[in-house]
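Here the structure is laid out as structure tokens; the discussion comes afterwards.
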Amino acid sequence: MMFAPLSLSTGIPLPYSPQTDDGLAILLLCCFFLSAHVLSRSRKFLFQLGKDFLFNRERTSIFATSTAADMRYLLLLILQTFVLTGVCIYTYTLKQMPALLQVVAPPLLLICLIAVCLFYFALKWAAYLFLGWIFFDKQQTSFWLESYSTLLYYLGFTLFPFTLLAVYFDLNLHFVLIFGLILYVFSKILMLYKWLKLFCDNLHGCLLLILYFCALEIIPTFLMYRGMVQLTECLIIKI
């Protein structure tokens, strides 16, 4: 008796999901181990920076007194903040434009978004240095850069649990957007508070400082948003 050969039907591939992305899982796991390692080694140093930011304590800048290990940890935490920011934007982009994955590989899109965040940070850091060199003394500029760094790594700690929820629990798109806006507004309020404490001496200077703040903090954010929109369009066209 002869049997007809079995026909194996071709399976339908599952659509891409960040929840099943091994590379993204490894990236988030590295962020977790980095945060745990830094907290175990430099917890007092990081908490002290937070207290100095809130109470505006006058002391020698951390860039002159901190150890090489502390500075290395601080830079790694800042890098982690922008990696997590890129992951959050990546998750939002996939929910907003799922058809983008048909023309752009997920790892390429994630790397491009993280690179945009890092480029944005580098431009702002250069702008702070340039404006501080023109209008303020070296000590005031150093205090502000320290405060800005403190905000960034605390932002990274806040973003980490939210990133896990956004990636693995499929949060609603509106909730992701609202939380991001709340975090953005709160961080800008803290930055304005620090600007007023460091650079404002009178009411006239306060009004000018608010104008500079809008020019240096609010407008670049909209430019970065437009840049990311243009980046996704260019990726679609080129690929």
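The values are calculated or read from the model by the stated rules, or taken from the named source; none is laboratory data. This structure is a prediction, so every number in the text was calculated from the model and none was measured. Note that each Cβ is placed from the backbone with ideal geometry, even for glycine, and that neighbours are counted across all protein chains shown.
Observations on the model:
- Hits in segment 159-178 (condition: without any contact (Cβ under 8 Å) to a residue 40 or more places away in the chain and either surrounded by fewer than 16 Cβ atoms within 10 Å (Cβ to Cβ) or over 24 Å from Phe32 (Cα atoms) (or both)): Pro161, Leu165, Phe169, Asn172, His174, Phe175, Ile178
- Where a residue in segment 94-105 is of a type in the set (Lys, Arg) and at pLDDT 80 or above and its partner, wherever it lies, is surrounded by fewer than 16 Cβ atoms within 10 Å (Cβ to Cβ) and part of a helix (DSSP H, G or I), with Cβ under 6 Å and at least six apart: Lys95/Leu173
- Scope segment 119-153; condition out of contact with any Ser or Thr (no Cβ under 8 Å at 6 or more places or on another chain) and of a type in the set (Asp, Glu); matching residues: Asp137
- Among residues of segment 213-234, those that are within 16 Å of Phe135 (Cα to Cα) and either surrounded by 15 or more Cβ atoms within 10 Å (Cβ to Cβ) or charged (D, E, K, R) (or both), counted: 2
- For segment 211-239, the set of residues classified as β-branched (Val, Ile, Thr), over 18 Å from Ile89 (Cβ atoms) and modelled with pLDDT under 75 consists of Ile237, Ile239, listed by residue number.
- For segment 190-206, the criterion of being under 19 Å from the mean Cα position of the chain (by Cα) and closer than 28 Å to Leu28 by Cβ is satisfied by at least one residue.
- Of the residues making up segment 137-147, those that are closer than 14 Å to Phe199 by Cα, touching a residue at least 40 places away in the same chain (Cβ under 8 Å) and buried (at least 16 other Cβ atoms within 10 Å of the Cβ) number 5.
- Meets criteria (surrounded by fewer than 19 Cβ atoms within 10 Å (Cβ to Cβ), small (Gly, Ala, Ser) and within 20 Å of the chain's Cα centre (by Cα)) for Ala122: yes
- Residue match in segment 151-165 (condition: part of a helix (DSSP H, G or I), over 20 Å from Cys88 (Cα atoms) and not aliphatic (A, V, I, L, M)): no
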